[in-house]
Amino acid sequence: MTLCLGLESTAHTFSAGVVDDSGNILSVVNDTYVPQEGGLHPLKTSLHHVECFQDVIRKALETAKTPLESIELISFSQGPGLGPCLRVGCTVARALHVFLDVPVVGVNHCVAHIEIGRLACKVEDPLTLYVSGGNTIVSAFDCGRYQIFGETLDIALGNMLDTFAREAGLQHPGGPKIEALARQSSNYIDLPYTVKGMDLALTGLLTSATHALKTHPLADVAFSMQETAFSMVAEVTERALAHTEKQNVLLTGGVAANTRLRDMIRSISEDHGAAFHAVPKELAGDNGAMIAWTGLLQFKQKGGLALEDTGVIPKWRLDQVPIPWRT
Amino acid sequence: MRIMQNDATRGNALPAGELIRKGAEAVLVKGTWLGQEALYKVRLPKAYRIPQIDAKLRIERTVAEARILGALLEAGIPVPGLLDVDAKGGIIVMEFIHGQRIKDMVGALHGKLGPIFEKVGYLVAAIHELNIIHGDLTTSNIIYESKPDSEDISFTFIDFGLARHTTGIEDKSVDIHLFKRVITSTHASMYDAMYPPFMVGYKKFLEEQGRAADFTKISRRLDQIETRGRYIEKSERK
């Protein structure tokens, strides 16, 4: 049995997880940076990670009842993400690699979201909708890769929700507050709906919704923006589902916690006779367990990285990564 | 002219006939219209979205698609003939096309993908010439009508649900870019037999119009669009 320690630090969360090679998740411990004001400043966020990483890793090992010495593989998020944040996880991984003299692997954060979803929901070949603060991707496995069937052409869904929340004076995290406000309204304000083929664009919607705040009650705008954005995401997912004819749909990422979005994606899945799976909340957001599990899959096929190949890749597309553990 | 055989086809009920395909956007039913075979494209209400968004999208898209089909027919592009439109019901009645989606015939057409995709490219250029983009060019949206072993190459473009009028080089290039993406994601191993011939055909049309310069503009824009995507290495950016 191989025990892997996974380190996640692409954005606001520093997380460590311990997973074994049978897919048992022994621990996940997170520490999330919440800015006092404004959005995520990459440097400030990375300083948060520097301060908390020791505690997070110690807690993850304690919860897993695993001494550091029994860790046989180190895995870290190599990208995509915020450079300074990625470098914290990378540096810690390198240090542990040298200190423990065990192999290290760097994994793609988006691949990890899909792999932990496949593991947690016990689903072999899903169409995946991955919606978070940094990514909005509809993807399915084909020809050795997680091909992208649709994605945002500008900002991510979670980014739109967070930015709107800030403009509306709501405290971070904005998503749950917008969801709660939206539930209080059913007055729809006409907002731009932008779907291009299988891709979507969200900045126009964000700008219009922000302007609408001046003339409409907050709850109405929150409701209308959420309905419009989620309808767009649901439509591109449905288009990809009709095109790929997959039998399973997997919803993951931080925004997957939203009940309204879950209902919409469940509805389109049922319409096409596909089973709907939502990744459990603790594994849907950024977490170290997904990095550990993907690291194990990757290590089995390709082995570890040489130290000089462990540099971070802040802009690393999901569809650039070969997936040799699937056929 | 507004003739419907049966008023029950208005509103949300499906017209009588055989369910052909349930797409993402609409349901296709093979029925009859004034005694002839016809395809009913019905944009059924989507339960997942609120009625305000649902009605807006269905009506807008039904009307837009019918108008565009009309314009393409007039120009002689191979698209299904338009028989009737019911905007509020989200229904377009059109000529029934016999054949198979190119997506499902890639194996059978193996040896002649080159000439087929060259013709596809040629006709897509002709569509763009009318300042219309398809908006959802995929190998599912081209119905191949000839026998796979026949010399003849004939097909029909379908599903203009996301098509629109535009004069912009950007929109036309995005149309091509999306088609390339579909080939890369769905037919990755056949890429060389599909995309390069497609571009040859596209270029040929423009050259015949004496506008080879426009092709240069389009291909330059295509390169730009590709490097514009998320997470493209800086070194690859122009």
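Values quoted throughout were computed directly from the atomic coordinates according to the rules given, and no laboratory measurement underlies them. The structure displayed is predicted, hence computed values, not measured ones. Counting neighbours? That spans all protein chains shown, and the Cβs are built from the backbone with ideal geometry, glycine included.
Using Cα springs under 10 Å in a Gaussian network model of chain B, which residue among B:Leu222, B:Leu113, B:Leu19 shows the largest mean-square fluctuation?
Residue with maximal mean-square fluctuation among B:Leu222, B:Leu113, B:Leu19: B:Leu19.
Please compute the Kirkwood hydrodynamic radius over the stretch B:100-236, one decimal place, Å, based on all pairs of different Cα atoms.
Kirkwood radius, the stretch B:100-236: 15.4 Å.
Specify whether the C-alpha gyration tensor of the stretch A:120-211 places it in the rounded, prolate or oblate class, a ≥ b ≥ c being the square roots of the eigenvalues: rounded for a/c under 1.5, otherwise prolate if a/b is larger than b/c and oblate if not.
Here the stretch A:120-211 falls in the prolate category.
Rounded, prolate or oblate: which fits the stretch B:7-95, taking a ≥ b ≥ c as square roots of the Cα gyration tensor eigenvalues, rounded meaning a/c under 1.5, else prolate when a/b beats b/c?
Since a/c reaches 1.5 but b/c is at least a/b, the shape of the stretch B:7-95 is classed as oblate.
Collect residues whose amide H, placed 1.01 Å from N in the peptide plane, falls under 5 Å from the amide H of A:Leu202; neighbours closer than 5 in sequence don't count.
A:Leu153, A:Asp154, A:Ile155
In a GNM of chain A with a 10 Å cut-off on Cα contacts, which of A:Pro217, A:Pro314, A:Pro84 has the highest mean-square fluctuation?
A:Pro217
Helix-only mean residue ellipticity at 222 nm, chain A, DSSP H runs n ≥ 4 weighted -39,500 (n - 2.57), per residue, nearest 500. What is it?
Result for chain A: -14000 deg cm²/dmol, rounded to the nearest 500.
Please state the relative contact order of chain A as a whole percent: Cα pairs under 8 Å, 6+ residues apart?
Rounded, it is 26 percent for chain A.
Pairing the Cα long axis of helix B:191-208 with the longest principal axis of chain B, what angle in degrees results, from 0 to 90 and rounded to the nearest 10?
Around 90 degrees separate the two axes.
Rounded to the nearest 5, what % of the DSSP beta bridges within the protein assembly as shown are antiparallel ones? Before the final figure, lay out the partial values.
Working: 53 of 71 bridges.
That works out to approximately 75 percent antiparallel.
Which of the GluC sites (Glu not before Pro) across the stretch A:68-157 are loop residues per DSSP, with 12 or fewer other Cβ within 10 Å?
A:Glu124
Between the alpha-carbon centers of the stretch A:12-88 and the stretch A:222-275, tell me the distance in whole angstrom.
Centre-to-centre (Cα) distance: 29 Å.
By counting other Cβ atoms within 10 Å of each Cβ, how are A:Cys143, A:Cys4 ranked from fewest to most?
A:Cys143, A:Cys4
Skipping prolines and chain starts, which residues have an amide H placed within reach, meaning under 5 Å, of the one on A:Ala278, given they are 5 or more residues away or on another chain?
A:Leu251
Could you list which residues have their amide H under 5 Å from that of A:Ile189, counting only those 5 or more apart in sequence or on another chain, with H placed in the peptide plane?
A:Ser224
How large is ³J(HN,Hα) for each residue in the stretch A:199-213, as worked out from phi by the Karplus curve 6.51 cos²θ - 1.76 cosθ + 1.60 (θ = phi - 60°), to whole Hz, x for Gly and Pro?
9, 9, 10, 10, 5, x, 4, 4, 4, 5, 5, 4, 5, 5, 4
Tell me the angle of helix B:51-74 to the major Cα principal axis of chain B, expressed in degrees between 0 and 90 and rounded to the nearest ten.
Approximately 70 degrees, to the nearest 10.
What ranking do B:Leu137, A:Leu153 get, fewest neighbouring Cβ atoms within 10 angstrom at the top? Numbers along the way, then the final one.
Working: B:Leu137 27, A:Leu153 17.
Neighbour counts put them in this order, fewest first: A:Leu153, B:Leu137.
Please list, by residue number, every one of the GluC sites (Glu not before Pro) in the stretch B:130-215 that is coil in DSSP and has at most 12 other beta-carbon atoms within 10 Å.
B:Glu151
Which residue fluctuates the most in chain A, going by a Gaussian network model with Cα springs under 10 Å, if the choices are A:Ala292, A:Ala219, A:Ala278?
Answer for the Gaussian network model of chain A: A:Ala219.
What ranking do A:Phe99, B:Phe160 get, fewest neighbouring Cβ atoms within 10 angstrom at the top?
A:Phe99, B:Phe160
Given the DSSP H assignment, sum -39500 (n - 2.57) over each helix run of at least 4 residues in chain B and divide by its residue total; what's the result at 222 nm in deg cm²/dmol, nearest 500?
Details: 5 runs with 94 residues, N = 238.
The helix contribution divided over chain B gives -13500 deg cm²/dmol.
Any idea what the alpha-carbon Rg over 2.2 N^0.38 Å comes to for the protein assembly as shown? All intermediate terms of the calculation are to be shown ahead of the outcome.
Numbers: Rg = 25.2 Å, N = 565, 2.2 N^0.38 = 24.4 Å.
Normalised Cα radius of gyration, the protein assembly as shown: 1.03.
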